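Inspection log for the structure reproduced underneath, given as structure tokens.
The values are calculated or read from the model by the stated rules, or taken from the named source; none is laboratory data. Keep in mind the model is a prediction, meaning the values are calculated, not measured. So basically every Cβ, Gly included, is an ideal-geometry build from the backbone, and we count neighbours across all protein chains shown. The accessibility values were calculated without ligands, DNA or RNA, using every heavy atom of the protein model including side chains. Shrake-Rupley method; radii C 1.70, N 1.55, O 1.52, S 1.80 Å.
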Amino acid sequence: MAPVDDDEEEDGVVEDEDEFEHLDDEEFEGIDQDTVNLRKGKDQTPPPLEITKIPLHLRTNWDSFYLEMLMLAGLAVYFLNFIAGKTKNSKLATAWFDAHKELLHKEFSIVGDDGQSKEPTENHLLKESEHTYSLWCSGRVCCEGMLVELKLLKRQDLINTISRMLSPKSDQILIKVTMEETEMDSFVFAVAQKKVASKLLKEQTDLNFFCAEKKGIDKGNIPPSLQVLSEIGEATSAVFDKTFCAVLNRYESNIEFIHFSDQYSGPKQQDQDTPTTLPETKKVLLFCFNVGDKGRTTVEDMDGMKELLQLVIHCIDKVKRIKLTKEAKMKAEKNRQRMHESYLKQTHSQRQEAAQLRREEKRRTEKERIMNEEDPDKQRKLEERENRREMKRKQPKMKMMKVKSM
């Protein structure tokens, strides 16, 4: 092994001296002595920890989350109301169907067809929403079918529930019977609560035209809270038989309106939405019944509506048997002809405006075609032809008549 040189040995020796020893402490004024001592390797006792006091308004407590707690409470109330309202509406609809199922099967061959399958099905109470149920019945003489709609209150909606505390409303049953074309004579008739009658008279097209006159109407033996709208007095007297009047007096508060019409086309169209063709009309019987006492409906109330459904069946058979006299039929025919002429006059101006717009659009298209023509000769010929057409259109039309010589 080669001997180690003394110079190399001196270079390899590490001086165990403090690298800051040559510095004078007085030259570094303002430097913390503790920091210098730590750098020199001297043991120092660490300073005690002090916990900063947090202000009360920054401390975490339940009072800081009152908005979140209110929101959670509101959501909980909303969902509980939704479940409770949905369950009650379902119970009421099921109770009505169970109470009337036997009578419906007795009068109709198909009850509760869902309309989705090729083969007719039965006993399907369709749920259209959480507060609307429908039932379709068919297979009976003198009518195409009967649609029953249970329009219950929106009990699942918390806002609607709160609004009903200010203005109470009732659950309703709306029944629409579509009659065969040959099984109902021409007449329009309605009986309703007075406020509802005024509303129907303004909104329904047939009642507004055929039943505008209120004088000289035989109200029969019906409650004073109900108002009669009638076109043909003869038909109204035939409808007001003993059975009909007895049910009206017994269920005065439950009857919203009863509407028979051979010219039913729905609510009146707005002026800006007036169609250019005659609306399609159907022969229908409409019934609207209130259930319960302003929203406080029970299962027993649904069971007690059976006699009103029997009234609907009675009216179907009654309307079929009503046969107007010759004078009444002539009056009804004149009224319908007058309605047809009135509608044509109403839509005549609109048809003229539409035709004028079509003519202007055609002229505009022709002028654009002339302007876009690149060939000058062809463009000139097109302009001349258009000018001749305009001159011919402006000339007064003369009618040629031939006179035979004597």
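Can you name the number of the only condition in (1) more than 21 Å from PHE289 (Cβ to Cβ); (2) among the charged types (D, E, K, R); (3) within 26 Å of the chain's Cα centre (by Cα) that LYS88 fails?
Going through the list (1) more than 21 Å from PHE289 (Cβ to Cβ); (2) among the charged types (D, E, K, R); (3) within 26 Å of the chain's Cα centre (by Cα), LYS88 breaks only (1).
Among (1) part of a loop (DSSP other than H, G, I, E, B); (2) among the aliphatic types (A, V, I, L, M); (3) over 17 Å from THR297 (Cβ atoms), where does MET146 come up short?
MET146 satisfies every listed condition except (1).
Can you tell me which of ASN290, ASN249 is of a type outside the set (Val, Ile, Thr), at negative phi and touching an Asp or Glu at 6+ places or on another chain (Cβ under 7 Å)?
Step by step, each of ASN290, ASN249 is checked, and only ASN290 is of a type outside the set (Val, Ile, Thr), at negative phi and touching an Asp or Glu at 6+ places or on another chain (Cβ under 7 Å).
Considering segment 281-311 alone, what residues qualify as being β-branched (Val, Ile, Thr) and outside any strand (DSSP E or B)?
Once the filter is applied, which keeps residues that are β-branched (Val, Ile, Thr) and outside any strand (DSSP E or B), segment 281-311 yields THR281, THR297, THR298, VAL299.
From the list LYS88, LYS154, exactly one residue is open to solvent by 40 Å² or more (accessible area, probe 1.4 Å), outside any loop (DSSP other than H, G, I, E, B) and in contact (Cβ under 8 Å) with a residue 40 or more places away in the chain. Which is it?
Answer to the check: LYS88.
So, in segment 194-215, of the ones that are outside any helix (DSSP H, G or I) and open to solvent by 40 Å² or more (accessible area, probe 1.4 Å), which residue ends up nearest to MET339 (Cα to Cα)?
Narrowing segment 194-215 to residues outside any helix (DSSP H, G or I): 204, 211-215.
When the remaining residues are screened for being open to solvent by 40 Å² or more (accessible area, probe 1.4 Å), the result is 212-215.
On the way: ALA212: 13, GLU213: 15, LYS214: 18, LYS215: 20 Å.
Looking at residues that are outside any helix (DSSP H, G or I) and open to solvent by 40 Å² or more (accessible area, probe 1.4 Å), I get ALA212.
Let me spell it out: the conditions are (1) loosely packed, with under 12 Cβ neighbours inside 10 Å; (2) within 30 Å of ARG164 (Cα to Cα); (3) under 25 Å from the mean Cα position of the chain (by Cα); (4) of a type outside the set (A, V, I, L, M), and GLU280 meets all of them except one. Which number is the exception?
Every condition holds for GLU280 apart from (2).
Being at pLDDT 75 or above and over 22 Å from GLU180 (Cα atoms) is true for just one of GLU341, GLU374. Which residue is that?
GLU341
Pairs, please: C-beta under 7 Å, at least 6 apart or cross-chain, first residue within 14 Å of LYS268 (Cα to Cα) and in segment 194-215, second aromatic (Phe, Trp, Tyr)?
LEU200/PHE257; ASP206/TYR264
Are any residues in segment 91-128 part of a loop (DSSP other than H, G, I, E, B) and open to solvent by 40 Å² or more (accessible area, probe 1.4 Å), and if so, which ones?
Scanning segment 91-128 gives SER109, GLY115, GLN116, SER117, LYS118, GLU119, PRO120, GLU122, ASN123, HIS124, LEU125, GLU128.
Return yes when THR297 is more than 30 Å from ARG155 (Cα to Cα) and modelled with pLDDT under 90 and no when it is not. I'd like the intermediate steps shown before the answer.
On the way: more than 30 Å from ARG155 (Cα to Cα): no; modelled with pLDDT under 90: yes.
Here the answer is no, as THR297 does not meet what is asked.
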